[in-house]
1. Filter region 23-40 for residues that are open to solvent by 50 Å² or more (accessible area, probe 1.4 Å) and aromatic (Phe, Trp, Tyr) and give the result.
2. I need a count of the residues in region 19-48 that are away from the ligand (no atom under 16 Å from the Cβ) and on the phi > 0 side of the Ramachandran plot.
3. Name the residues in region 89-109 that are part of a strand (DSSP E or B), within 8 Å of the ligand (Cβ to nearest atom) and closer than 10 Å to Ala6 by Cβ, would you?
4. What tally of residues in region 46-76 results from selecting those that are open to solvent by less than 40 Å² (accessible area, probe 1.4 Å) and of a type in the set (A, V, I, L, M)?
5. For region 68-106, what are the residues that are at pLDDT below 90 and either charged (D, E, K, R) or within 30 Å of Ser26 (Cα to Cα) (or both)?
6. So which residues in region 6-18 are buried (at least 20 other Cβ atoms within 10 Å of the Cβ) and away from the ligand (no atom under 16 Å from the Cβ)?
Amino acid sequence: MKLVFAIVNDDDGYKVMTSLNENGFSVTKLCSTGGFLRAGNTTLLVGVDEDKVDDVIAIIKKRSKSRKQITNSAISPNGMGAAFMPYPVEVIVGGATIFVLDVERFEKV
Ligand code: 2BA
């Protein structure tokens, strides 16, 4: 068995979860926060047999969009690190960041 961790945009979380459920996969949704943007995102956990992992990833891929987001970074105008000014940085977020882990043991009791 495998555990798929998928980090998706909050706006896509519901669609991805619904589509996974409609295709027979059980899902747990966690509210998470990205360390770089410090903005909310959604982490989905899906436990599946190994031969279904690609199906799960295909559904996540189909339902997650990538987006441009602007964040503020900081720069030292004199290059000496003395005074920092925020400046906007554009980053592309997602569609989805996916990790697939081995599950040593799975039980429902
Ligand atoms: P955040 O950490 O908020 O990152 C949002 C986006 O900012 C990233 O999109 C990437 O485009 C950019 N970014 C992140 N760290 C950066 C850095 N040190 N320098 C420049 N740009 C940076 P994604 O790569 O699509 O990641 C979306 C979210 O997925 C991340 O939100 C984070 O919550 C998670 N994530 C991505 N890679 C991860 C990893 N290796 N381990 C754990 N979580 C990860």
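1. Phe36
2. Qualifying residue count for the region: 1.
3. Of region 89-109, the ones part of a strand (DSSP E or B) are 89-93, 96-102.
So of that shortlist, the ones also within 8 Å of the ligand (Cβ to nearest atom) come out as 89, 91-93, 96-97, 99.
Listed by number, the residues that qualify are Ala96, Thr97, Phe99.
4. The number of residues fulfilling the criteria is 6.
5. Taking region 68-106 as the starting set, the residues that turn out to be at pLDDT below 90 are 69-89, 94.
Answer for region 68-106, where residues must be at pLDDT below 90 and either charged (D, E, K, R) or within 30 Å of Ser26 (Cα to Cα) (or both): just Gly94.
6. Matches in region 6-18: Met17 only.
The values are calculated or read from the model by the stated rules, or taken from the named source; none is laboratory data. Quick caveat: nothing in here was measured; it's all calculated off a predicted structure. Cβ coordinates were reconstructed from backbone atoms using ideal geometry, including for glycine residues, and neighbour counts include every protein chain displayed. What goes into the accessible areas is simple: the full protein's heavy atoms, side chains included, and nothing from ligands, DNA or RNA. Shrake-Rupley method; radii C 1.70, N 1.55, O 1.52, S 1.80 Å.
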